[in-house]
Amino acid sequence: MSALHCADPDLFSFELHKRMHAARGSQAAHPAFELHVALSLRRGDCLAVLGASGAGKTTLLRLLAGLTPADGGHIHAFGRCWLDGARSLALPTRKRRIGYVFQDYALFPHMSVRGNVRFALRRGAPERLADELLETVGLSALAGRRPAQLSGGQQQRLALARAIAAEPDLLLLDEPLSALDAGLRRSLQDELIALRRRYGLTTLVVTHDPGEAVRLAGRAILLEGGRIVADATPAELFGGRGEALTLGGRVLDVEAGADGPLYRIDADGRTLLARAADGAALAPGSMVTLVAERWTARPVPLTPPQDAAAPRTSPG
Ligand SMILES: Nc1ncnc2c1ncn2[C@@H]1O[C@H](COP(=O)(O)OP(=O)(O)OP(=O)(O)O)[C@@H](O)[C@H]1O
């Protein structure tokens, strides 16, 4: 067995340590920031990564991507070893089979929209995959444009299509929809749910939006000072909801969501996407009552700080 092979082909698990010093090369006794995180996910899980500014969310994604070198730990990714600190093994980013969308999109400015996606295709992948992805994210008509000729929302769609074109084992999304207005955000969330379902993508998504975490992810962690202080479902994490509004509606159609069916509902002429609170199976045409809830501004940790040395597995 090669040193690059690790046991379970459906498991993504890691334990990462990183000390950040205020100045590059500084060896001060006390680092400005220290991250210590361990976690296990199953293939296809979607994990929301939450936490205040400076909690370590971007650092965690960069460590997983290999864009920031870890000081120690390991990453076992679907039967392969990306990082083994004990053996000084660290696969470079390009060999980790990740797709990532960071806040600045990092699109290639000199390439067309189609060129950006084609460039990301794996060797031997059919070129029509690029066109399929552009269609999925609604950019077919703009395929010949340059990124600079796209709106912010269109650039985010392109970044997403490009990340998925590489057929990644792991999708890393750092506030991928943050620059969008509520309507566009909703429709891109729908696209993301559909793309994750179609390609069976294991995903980590950094978000500050409780509703987005609930819609996209089956599990969420809350980071504080570089450590996991809560690990639960997003709905559990955002406790203290206050009931605000009740209205009637009718189910238009059903689609699969990250953790159960999502119902597209017509409510007084507005189309909403909702989940059945009691897990009931609803058919198109069913009449329903919608209860709108106001989320608390800050997530409430339900569990004591997790021992980072003891990763747990969740069906997520
Ligand atoms: N290159 C770096 N050198 C030194 N310290 C850094 C570096 N990058 C980040 N840090 C520090 O690491 C800590 C975590 O930063 P990180 O960007 O991961 O936070 P975050 O949770 O993503 O925050 P935000 O929500 O504001 O993006 C912060 O204290 C930050 O100042």
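Could you list, in sequence order, all residues of region 147-205 that are among the polar types (S, T, N, Q) and within 22 Å of residue 220 (Cβ to Cβ)?
Correct list: 156, 178, 189, 202, 203.
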Task: Count of residues meeting criterion [of a type in the set (A, V, I, L, M, F, W, C), more than 25 Å from residue 165 (Cβ to Cβ) and either more than 16 Å from the ligand (Cβ to nearest atom) or open to solvent by 10 Å² or more (accessible area, probe 1.4 Å) (or both)] in region 43-70 - done: 2
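Quick one: count up the residues across region 243-275 that are within 23 Å of the chain's Cα centre (by Cα), assigned to a loop (DSSP other than H, G, I, E, B) and modelled with pLDDT of 75 or more.
Result for region 243-275: 1.
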TODO: Looking only at region 71-89, decide whether some residue is under 19 Å from the mean Cα position of the chain (by Cα), open to solvent by 10 Å² or more (accessible area, probe 1.4 Å), acidic (Asp, Glu) and within 16 Å of the ligand (Cβ to nearest atom).
DONE: no
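The values are calculated or read from the model by the stated rules, or taken from the named source; none is laboratory data. Owing to the predicted nature of the structure, the values given are computational and were not obtained by experimental measurement. Every residue, glycine among them, receives a Cβ derived from its backbone with ideal geometry; neighbour counts consider all protein chains shown. Side chains included, ligands, DNA and RNA excluded: accessible areas come from the protein's heavy atoms. Shrake-Rupley method; radii C 1.70, N 1.55, O 1.52, S 1.80 Å.
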